[in-house]
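Before any comments, here is the structure.
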Amino acid sequence: MTSNTKPIGVAFEDQNIIGPDFILSDNQFGYTANAQGSVTQLTDKSTAVTLNKSAGRITMNNAALGATTNVSFTLNNSLISANDVLILTVSGGNATAATYNCFVNSLAAGTASITLRNISAGSLSEAIIINFAIIHCV
């Protein structure tokens, strides 16, 4: 059985979610492992990255980022449309707790500009991991 089919007795029917105004779940809702990926930023924190997946992890370069300073970089992703929503979060582990904010400052077909802000009082040199997920909109 593949992940896009459901049993209906002895046969299988493709799942049809075309038409509903919303989808409800009592458990988990998200992307499969095949829809996710990872990429590591080279050179510095402003270097563009490319990851053509609906969700993933961006490991940023560990270059220094001064106190209360922003840096922006481009995420190239062929799955992004101008109507989509890109959700970001700073992943724990590589980042000092409560020291960064991240946000999307612009989005267009195939690309998004992401900004990371050091909100601490000191310069930090950490390889921050940003998790992202695209909510695809028509």
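Would it be correct to say that Phe12 is surrounded by 10 or more Cβ atoms within 10 Å (Cβ to Cβ), among the aromatic types (Phe, Trp, Tyr) and at pLDDT 95 or above? So Phe12 does not fit the description; no.
Restricting attention to the stretch 41-62 and to residues that are assigned to a strand (DSSP E or B) and free of Cβ contacts under 8 Å to residues at least 60 places away in the same chain, the residue that is surrounded by the most Cβ atoms within 10 Å (Cβ to Cβ) turns out to be Val49.
Taken together, Ala109, Ala133, Ala127 contain a single residue that is over 17 Å from Met60 (Cα atoms), hydrophobic (A, V, I, L, M, F, W, C) and modelled with pLDDT of 95 or more, which is Ala109. Cβ-Cβ distances below 9 Å connect the following pairs, each with a first residue in the stretch 91-106 that is part of a strand (DSSP E or B), a second residue that is among the aromatic types (Phe, Trp, Tyr), and a separation of six or more residues or different chains: Val104/Phe132. Can Leu75 be described as out of contact with any Lys or Arg (no Cβ under 7 Å at 6 or more places or on another chain), outside any loop (DSSP other than H, G, I, E, B) and either farther than 27 Å from Phe22 by Cβ or not aliphatic (A, V, I, L, M) (or both)? In short, yes. For the stretch 63-98, the candidate set comprises residues that are surrounded by 12 or more Cβ atoms within 10 Å (Cβ to Cβ) and at pLDDT below 95; within that set, the residue that is farthest from Ala133 (Cα to Cα) is Thr96. Summed over the stretch 29-67, the residues that are in contact with a helix residue (DSSP H, G or I) (Cβ under 9 Å, 6 or more places away or on another chain) and of a type in the set (A, V, I, L, M, F, W, C) give a count of 1.
The values are calculated or read from the model by the stated rules, or taken from the named source; none is laboratory data. This is a predicted model, so every value here is computed, not measured. Every residue, glycine among them, receives a Cβ derived from its backbone with ideal geometry; neighbour counts consider all protein chains shown.
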